[in-house]
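Readers should treat all values here as calculations from the given coordinates under stated rules, not as data from a laboratory. Everything numeric in this text was worked out from a predicted model, so none of it was measured. Reconstructed Cβ throughout: ideal geometry from the backbone, glycine too, with neighbour counts over all protein chains shown.
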Amino acid sequence: MIIHNETIEVLKNFAEINQSLVIEAGDTIKTVSEQTNVLAKAKLNQSFPQDFAIYDLNKFLGVLSLFTEPQFEFSEKSVTVQSSVDANNFQAGDSVAEYQFANMSLFENEKKILAKDIQLPSEDADFRLDEKFFIAIMRAAGVMSLPEIAVVASDGKLKVQANDSKTSVDSYAVDLGPSDANFRMIFKLENLKLLKGSYDVKISDKGLGHFKNISRELEYWIATEQTT
């Protein structure tokens with residue numbers, strides 16, 4: 001099977017959440033952070049033929065980068081990778097890599113978590129986060145060394161804000177529109193490992209947010225740090 005660029009993009013994103021990955025046969029892949037405070041799910045436009053586990057996902061992605069349009073051939077304990085088209089004037093198939101799968105038994109706890117159907121306990125905030133606003137707030141948080149992203153509703157407005165709740169000094173906010181609610185929900189910046197795009201966001205005051213990409217079948221569940 002030829003691995004599509006979209007699949008590689010999702011795998012790179014999942015590597016930011018957890019260095020290991022368990023893939024089950026089919027077109028849906030999931031991952032969960034080691035702290036179990038971030039879970040991601042993506043439905044791909046291709047299907048994997050079998051279950052397998054990758055212990056070091058970044059290393060695996062590095063192997064894929066060696067090939068143009070990487071093509072997989074699966075065996076029980078490993079996958080053979082080669083280019084599906086000619087590259088650099090070499091005949092396709094001249095270079096081949098074999099990557100060994102990790103033992104599935106190492107990931108039993110992770111598999112149990114991923115098997116659960118996650119539902120928000122309540123929907124206390126609901127809004128659209130456009131890509132341009134998401135990029136702006138994440139860039140500002142990086143430039144200003146702010147460790148948190150807060151969703152704030154007060155004084156008739158809904159804002160997403162980069163800040164540091166421990167110092168309350170510097171901040172950067174983007175106005176998302178009117179709101180008659182009154183709340184403040186905080187996420188750690190390090191947990192917002194979202195692929196670029198626009199998201200429909202729902203947040204529960206019980207400590208969980210749901211981010212659903214509006215242009216592809218990709219969603220994240222991310223724990224909040226605190227709500228007020």
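Per-structure values
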| quantity | calculated |
| --- | --- |
| Extension gain from Ser165 to Glu34, taking 0.36 nm per residue of separation minus the Cα-Cα distance | 44.7 nm |
| Space enclosed by the convex hull of the alpha-carbon atoms of segment 125-227, per residue, Å³ | 89 Å³ |
| Where Rh is the Kirkwood radius over Cα pairs, Rg/Rh for the chain | 1.04 |
| Calculated FRET value between Asn58 and Gln119, using beta carbons and R₀ = 30 Å, to 0.05 | 0.45 |
| Order of Leu192, Leu39, Leu106 under a 10 Å beta carbon neighbour criterion, fewest first | Leu106, Leu192, Leu39 |
| Sorted by Cβ density within 10 Å, fewest first, the residues Glu131, Glu110, Glu34 | Glu34, Glu131, Glu110 |
| Charge context of Asn191, other residues only, Cβ under 13 angstrom, K/R +1, D/E -1 | -3 |
| Angle between the chain longest axis and helix 131-143 axis [Cα atoms, degrees, rounded to 10] | 80 degrees |
| 5 angstrom amide H check on Glu225, placed H, neighbours 5+ away | Ile186, Phe187, Lys188 |
| Reciprocal of mean inverse Cα separation for segment 1-115 (Kirkwood radius, Å) | 14.6 Å |
| Surrounding net charge for Ile214, when Lys and Arg each add one and Asp and Glu each subtract one, Cβ distance under 10 Å | 0 |
| Estimated distance in nm for a label pair at Gln19 and Lys196, the labels positioned 7 Å out from Cα along Cα-to-Cβ | 2.7 nm |
